Amino acid sequence: MGELLWTPPTDVREKSRIGDYLRWLRAERSLDFADYDELWQWSVSDLAGFWRSIWDYFDVRAYDQPTATLSDPTMPGARWFPGATLNYAEHVLRMPSRADADPIVVAHSQTRAPVTLTTAELREQVRRVRAGLRRLGVGRGDRVAAYAPNIPETFVLLLATTSLGAIFSSCAPEFGTRSVTDRWQQIEPKVLVAVDGYRYGDKPIDRRAEVVAIRTALPSVVHTVMLPYLDPNAAPPAGTSTWAELAGETDAALEFEPVPFDHPLYVLYSSGTTGLPKPIVHGHGGILLEHLKMLALHHDLGPADRFFWFSTTGWMMWNFLVSGPAVGATIVLFDGNPAVRAEPGKPAEPDLGSLWRLAADTGTTYFGTSAPFLLACRKADLRPGETVDLSALRGLGSTGAPLPAEGFTWVYDAVGRDLQLQSLSGGTDVCTGFVGGVPLLPVYAGEITCRALGARVEARSTEGKAVVGELGELVITAPMPSMPVGFWNDPDGRRYREAYFDVYPGVWRHGDWITISERGGCVITGRSDATLNRGGVRLGTAEFYSVVETLDEVVDSVVVHLEDAEGGAGDLLLFVVLADGLELDDTLRARIARELRTALSPRHVPDEIHQVRAVPRTLSAKKLEVPVKKILTGTPVDSAAATGALANPESLVAFERFARERTGH
């Protein structure tokens with residue numbers, strides 16, 4: 001059991017949004033729950049009752065009322081709120097309890113000066129861009145693609161597109177041409193909105209050549225709209241129009257196309273480590289209900305909050321973040337390099353304090369980031385709670401990778417003792433977290449607090465039985481409204497079924513190892529397809545990294561297990577990236593082995609430890625353990641990983657060379 005780090009205040013039920021929801025359930029449904037576990041059990045056993053309560057509690061506006069809540073619970077293919085029509089964008093723009101002059105979007109960037117939009121300005125921008133899209137012939141079902149960063153214009157475009165019943169898709173402008181076209185050739189967008197470039201720290205990144213290549217590769221694009229972000233004075237290329245034209249004066253009213261509950265809202269993509277990225281279609285109603293539930297009841301966000309999550313537009317956390325106004329929260333956007341201090345006219349300096357200063361300057365109340373960022377801050381011995389004013393901060397979210405116990409401890413020691421740290425895990429596939437935190441429960445070091453309401457998450461043994469207190473495959477045994485509507489261009493649903501339901505028919509298999517404790521807490525120990533199997537004992541990769549990467553000499557690492565075709569123990573290989581100027585020697589190898597043996601077990605001691613310059617990562621910073629393993633077992637680089645989806649594709653070369661040396665070829 002991890003160390004107890006935070007306890008809910010005694011008046012949590014009186015002051016939290018989930019407390020208000022519990023009072024509503026008592027008054028409106030005659031339901032009374034003694035604790036969170038009772039509430040969760042009800043939410044996953046009476047699915048129709050729970051999700052209808054979310055619909056009613058948040059006063060979802062429907063043009064046509066549903067004939068049922070869940071007419072068919074079968075997975076895949078569960079049917080939610082049949083007959084209902086509604087619009088996601090309308091609900092985001094309701095911005096409950098916010099006045100017209102209230103700031104609702106606060107955006108900081110290393111490319112230009114800060115931008116703030118009030119609620120009235122946001123509605124006005126969406127009204128104009130919606131009319132601009134209609135002038136370009138965009139209507140229900142058409143696709144609008146954004147090659148644009150985390151700035152207000154991208155958010156406005158999302159809302160304008162979806163208000164029409166058209167379908168939105170975004171790629172961050174750091175994505176390479178191949179990565180973008182692999183995604184958008186599948187969905188054939190009608191309109192492309194693209195920036196000319198951006199600044200990353202003090203470095204200007206010109207993307208005009210990439211935009212030309214993307215346009216050329218997408219014959220479906222009828223109109224290209226250029227957003228002059230890097231150079232505001234640049235003339236648009238021939239054959240394109242400008243953002244100013246798209247958002248020009250108009251008398252057209254802001255209206256919302258009523259669409260069915262499962263009408264496509266946006267298309268997100270898997271990380272695409274191999275093959276074409278999976279084009280995951282999410283629906284208006286499912287995303288709306290899931291985000292209302294998570295943002296208000298789990299993250300406790302409302303009209304008094306400023307909500308930040310560090311993300312690019314290529315990660316589902318951006319889609320999660322920009323639903324914030326639906327619960328009244330102001331969203332804080334940041335575009336740039338979080339690891340440097342970049343001031344106009346000055347060279348950038350390495351500095352992990354930039355996002356903490358942003359939180360202080362903007363009065364952020366909920367700060368979301370990734371586990372690797374928190375661990376990097378810990379390693380750099382940052383103490384943001386002492387160096388900047390974080391007095392407004394009451395919640396901190398961590399996702400993207402498991403956060404080990406030392407990461408939890410650092411947050412409470414160096415950031416603040418009174419905030420609630422919420423480690424969460426979910427995925428692009430559901431555009432949310434299905435395990436996370438909640439104001440009603442305490443925080444223990446190294447442990448995700450609970451399973452989310454409405455998410456029937458279980459751990460399954462190798463025999464397929466639900467287990468508690470031991471490692472198992474993470475499965476979801478009941479449908480959630482934000483599960484995908486399907487995959488794009490998958491008419492018979494085959495790709496969708498193969499992705500999640502091929503192992504356990506009718507049960508969602510997510511691909512992670514999870515341990516669920518008796519009290520309902522969760523520990524995720526890595527991807528099940530990247531499991532290390534030593535003598536029949538499954539080892540999660542996250543455990544390795546939490547030990548190895550705490551060493552001052554080690555900047556990054558990746559571990560893989562190569563099985564023995566003849567049934568032997570196989571080889572456990574650890575690759576480390578060392579601090580500048582250091583070389584791996586036998587002394588450091590022995591120290592790494594000793595730390596792993598002491599902190600974990602003798603089984604965790606690698607057979608070999610090697611130095612590499614970089615660990616391959618996706619554009620959303622996930623380590624590519626499975627492609628590394630494939631390369632080490634002889635798969636060509638181009639077949640092992642979609643290099644366009646990598647932040648550092650050149651890093652794969654070292655593993656290919658190592659594979660040749662091992663085999664003598």
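Here, each number is a calculation from the coordinates, and none is a lab measurement. Keep in mind that what you see is a predicted model, and the values were worked out from it rather than measured. Glycine also receives a Cβ, built like all others from the backbone with ideal geometry; neighbour counts cover every protein chain displayed.
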### Message
Please give the Cα centre distance for region 218-232 versus region 386-427, rounded to the nearest Å.
### Response
38
### Query
When only C-alpha pairs under 8 Å and at least 6 residues apart count, what is the relative contact order of region 7-80, in percent?
16
#### Entry: Mean projected area (nm²) of the alpha-carbon convex hull when region 260-384 is viewed from all directions
10.0
### Task
Sort Met480, Met226 so the one with the fewest other Cβ atoms within 10 Å of its own Cβ comes first.
Met226, Met480
### Message
Can you give me the Rg/Rh ratio for region 332-434, using Cα atoms for both radii and the Kirkwood formula for Rh?
### Response
0.97
### Positive-end residue, region 7-80 charge dipole about Cα centroid, Cβ charges, pick of Phe33, Val44, Ser16
Ser16
### Message
Placing +1 on the Cβ of each Lys and Arg and -1 on the Cβ of each Asp and Glu in the chain, which of Ser601, Leu164, Gln110 has its Cα farthest towards the positive end of the resulting dipole?
### Response
Leu164
### Task
Looking at the chain, send over the antiparallel percent of its DSSP beta bridges, to the nearest 5.
60
### Task
Taking the Cβ of Leu31 as the centre, find all other residues whose Cβ is under 15 Å away and add up their charges (Lys, Arg: +1; Asp, Glu: -1).
-3
## Note on the structure
Which of (i) 28.5, 90; (ii) 24.2, 74; (iii) 36.8, 136 is the computed Rg and Dmax of the Cα atoms in Å? It is (ii)
### Message
Name the residue from Ile516, Leu393, Phe256 whose Cα lies farthest towards the positive end of the charge dipole of the chain, charges +1 on Cβ of Lys and Arg and -1 on Cβ of Asp and Glu.
### Response
Phe256
### From phi via Karplus (6.51, -1.76, 1.60), per-residue ³J(HN,Hα) for region 360-369 in Hz, x at Gly/Pro
5, 5, 9, x, 4, 9, 10, 10, x, 7
### Task
State the Cα centre-to-centre distance between region 155-176 and region 96-124 in whole Å.
18
### Query
How large is the helix-only mean residue ellipticity at 222 nm for the chain, computed as the sum of -39500 (n - 2.57) over DSSP H runs with n ≥ 4, divided by its residue count, in deg cm²/dmol to the nearest 500?
-8000 deg cm²/dmol
### Query
Mind listing P(r) for region 420-479? All alpha-carbon pairs, 10 Å bins, whole percents.
22, 49, 28, 2
### Query
For region 367-485, what is the percent of antiparallel DSSP beta bridges, rounded to the nearest 5?
60
### Task
For region 1-69 and region 545-616, write down the distance between their C-alpha centroids in whole Å.
45
### Query
Across 10 Å bins from 0, what is the distribution of all Cα-Cα pair distances for region 358-488, in whole percents?
11, 38, 31, 15, 5, 0
### Query
So, with +1 on the Cβ of K and R and -1 on the Cβ of D and E, and no other charges, what is the size of the charge dipole of region 506-665 about its Cα centre, to the nearest 20 debye?
460
### Task
State whether region 530-663 is rounded, prolate or oblate according to the following rule on the C-alpha gyration tensor (a ≥ b ≥ c being the square roots of its eigenvalues): a/c under 1.5 gives rounded; otherwise a/b larger than b/c gives prolate, and the remaining case gives oblate.
oblate
### Message
Please state the shape class of region 1-129: rounded when a/c is under 1.5, otherwise prolate if a/b exceeds b/c and oblate if not, all from the C-alpha gyration tensor.
### Response
oblate
### Task
Classify region 96-220 as rounded, prolate or oblate, taking a ≥ b ≥ c as the square roots of the eigenvalues of its Cα gyration tensor: rounded when a/c is under 1.5, otherwise prolate if a/b is larger than b/c and oblate if not.
oblate
### Query
Residue by residue, what Karplus-based ³J(HN,Hα) values in Hz, rounded to whole numbers, does region 573-587 have, using 6.51, -1.76 and 1.60 with θ = phi - 60° and x for Gly and Pro?
10, 10, 10, 10, 9, 9, 4, 3, x, 9, 10, 6, 10, 5, 5
#### Entry: In region 405-504, GluC sites (Glu not before Pro) in a DSSP loop with at most 12 other beta-carbon atoms within 10 Å
Glu463, Glu470
### Task
Only Lys, Arg, Asp and Glu count, each charged at its Cβ (+1, +1, -1, -1), so figure out the dipole size of the chain about its Cα centre, rounded to 20 debye.
920
### Antiparallel DSSP beta bridges within region 530-663, as percent of all bridges there, nearest 5
75
### Message
If packing is taken as the average count of other Cβ atoms within 10 Å, what order do 543-553, 231-241, 308-318 fall into, highest mean first?
### Response
308-318, 543-553, 231-241
### Task
Taking each pair of different alpha-carbon atoms in region 7-80 once, compute 1/r for the pair, average those values, and report the inverse of that mean as the Kirkwood hydrodynamic radius in Å to one decimal.
13.9
